Each structure stands twice: as C-alpha cells, then as structure tokens.
Amino acid sequence: MGLKRVKKERQEWWRQWGKNLWAVRFELVRGFVLLLTLISAINTIIVKGHDIYSATARIVGPHITQIAIGVLVTVMGVFARRFKLKNLRWYGIVEVMFGIISGFSVAFTLSAAKPWIPQGPTLVGCAYVIARGLNNIADSKRIRAISI
C-alpha cells in the first residue's frame with residue numbers, strides 16, 4: 001500500500017509541476033506580448049504623434065483635437081487604474097518599462113546647445129515612474145505572500 005501511495009504522490013507532483021510550467025510559460029508569453037504592444041504604442045506616439053495631431057487638427061480643428069486628446073488621456077487613466085487593481089505586478093512592470101522607454105526617448109533629444117528646461121523635469125518624472133513601478137512590483141509580492 002505504501003508504494004502505491006508514493007507512486008501516486010509522485011505522479012501528482014509531476015502533474016502539478018507540468019501545470020506550473022505551463023502557467024510560467026503563459027505568463028512569460030503574456031508579458032512579452034504586453035511589452036511589445038507597449039513599445040509599439042509608445043513608438044507610434046513618438047514617431048507619428050505630430051502627424052496624427054496635424055491631420056486631426058486639419059479635419060476637426062485644433063480645439064476639438066485638444067479636447068479629444070484630454071478625453072483620451074482621461075479614459076486611459078481610468079483603464080490604467082482598473083488594470084492596476086486587477087494585476088498590480090504587471091502594472092508595475094508596465095510602469096517601469098514606460099519610464100525606461102520615455103527616459104531614453106527624452107535623453108535622445110538633449111543637446112548642449114539648448115536649455116534643458118522641459119527635458120530636465122521630464123527625466124525626473126521618468127525616474128519617479130520607474131520608482132513607483134518597482135514599488136508596485138514589491139507591493140504585489142508582499143500582498144501575494146500575505147494571501148498565501
């Protein structure tokens with residue numbers, strides 16, 4: 001009887017291990033897709049943002065375009081809050097990636113010939129976003145440890 005129980009426990013352990021391995025793979029793939037989507041969206045905004053704004057301003061006018069951008073930012077903030085409540089860890093990862101990408105984007109615009117008045121505070125803001133993201137990742141680990 002003891003050998004059958006040991007064999008059954010071993011089979012159960014391998015089954016659980018396989019499930020965990022698939023869960024880790026899924027999380028890695030999901031994270032990679034999320035990262036690529038974020039990089040693509042930021043790249044589109046950085047590269048094509050001016051063209052999109054100009055075209056929209058020509059079609060509907062500059063004031064309507066500015067109002068639409070304000071509404072879009074507000075809606076994005078609401079969805080970001082929901083995303084944060086649903087998964088704090090991934091929200092933190094997205095924050096860190098956004099801060100890094102934004103920081104490099106701003107750093108590539110720096111020049112010794114012009115003042116850093118707009119870029120300086122923006123770089124400080126990027127560092128703050130990275131710090132908040134790391135804090136959210138740490139908080140998610142603490143919450144997970146308490147709930148287990």
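The values are calculated or read from the model by the stated rules, or taken from the named source; none is laboratory data. Predicted model only: the values in this text are computed from it and were never measured. Quick reminder, even Gly has a Cβ in these numbers, built from the backbone with ideal geometry, and neighbours come from all protein chains shown.
Output the number of the condition that I117 fails; it satisfies all remaining conditions of (1) of a type in the set (A, V, I, L, M); (2) outside any helix (DSSP H, G or I); (3) surrounded by 11 or more Cβ atoms within 10 Å (Cβ to Cβ).
Of everything listed in (1) of a type in the set (A, V, I, L, M); (2) outside any helix (DSSP H, G or I); (3) surrounded by 11 or more Cβ atoms within 10 Å (Cβ to Cβ), I117 misses just condition (3).
Residues in the stretch 63-83: is at least one basic (K, R), touching a residue at least 40 places away in the same chain (Cβ under 8 Å) and part of a helix (DSSP H, G or I)?
Start the filter on the stretch 63-83 by keeping residues that are basic (K, R), which leaves 81-82.
Then drop every residue that is not touching a residue at least 40 places away in the same chain (Cβ under 8 Å), which leaves none.
Among the residues of the stretch 63-83, not one is basic (K, R), touching a residue at least 40 places away in the same chain (Cβ under 8 Å) and part of a helix (DSSP H, G or I), which makes the answer no.
F104 versus (1) under 18 Å from the mean Cα position of the chain (by Cα); (2) surrounded by 13 or more Cβ atoms within 10 Å (Cβ to Cβ): which is the lone unmet condition?
(2)
So that you can scan it fast, the table gives a plain yes or no per residue for (1) touching a Gly at 6+ places or on another chain (Cβ under 6 Å); (2) surrounded by 11 or more Cβ atoms within 10 Å (Cβ to Cβ); (3) within 30 Å of I137 (Cβ to Cβ):
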site	(1), (2), (3)
Y53	no, yes, no
I59	no, no, no
I64	no, yes, no
I67	no, yes, no
T74	no, no, yes
F79	no, no, yes
F83	no, yes, yes
N87	no, yes, yes
E95	yes, yes, yes
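Do we find that W90 is of a type in the set (F, W, Y) and not in a helix (DSSP H, G or I) in this structure? Even if it seems obvious, please write down each step before you answer.
Numbers: of a type in the set (F, W, Y): yes; not in a helix (DSSP H, G or I): no.
The answer is no for W90.
Tell me yes or no: at least one residue of the stretch 52-60 is among the charged types (D, E, K, R) and either modelled with pLDDT under 90 or not in a helix (DSSP H, G or I) (or both). Please lay out each step first, then the result.
Step one: filter the stretch 52-60 for residues among the charged types (D, E, K, R), giving 58.
Retained after the next criterion (residues that are either modelled with pLDDT under 90 or not in a helix (DSSP H, G or I) (or both)): none.
Checked against the condition, which is being among the charged types (D, E, K, R) and either modelled with pLDDT under 90 or not in a helix (DSSP H, G or I) (or both), the stretch 52-60 yields no hits at all.
Identify all residues within the stretch 96-131 that are modelled with pLDDT of 90 or more and touching a helix residue (DSSP H, G or I) at 6+ places or on another chain (Cβ under 6 Å); write none if there are none.
The answer is V96, G99, G103, T122, L123, C126, V129, I130.
Search the stretch 99-117 for residues that are within 14 Å of A41 (Cα to Cα) and pair each with any residue that is modelled with pLDDT of 90 or more and among the small types (G, A, S) when their beta-carbon atoms are under 6 Å apart and the residues are at least 6 apart or on different chains.
none
Just checking, does the stretch 35-49 include any residue being at pLDDT below 85, farther than 27 Å from A131 by Cβ and assigned to a helix (DSSP H, G or I)? Reasoning before the result, please.
Within the stretch 35-49, the subset at pLDDT below 85 is 35-49.
Among the residues that remain, those that are also farther than 27 Å from A131 by Cβ are: 47-48.
From what is left, the residues that are assigned to a helix (DSSP H, G or I) are 47-48.
Checked the stretch 35-49: at least one residue is at pLDDT below 85, farther than 27 Å from A131 by Cβ and assigned to a helix (DSSP H, G or I).
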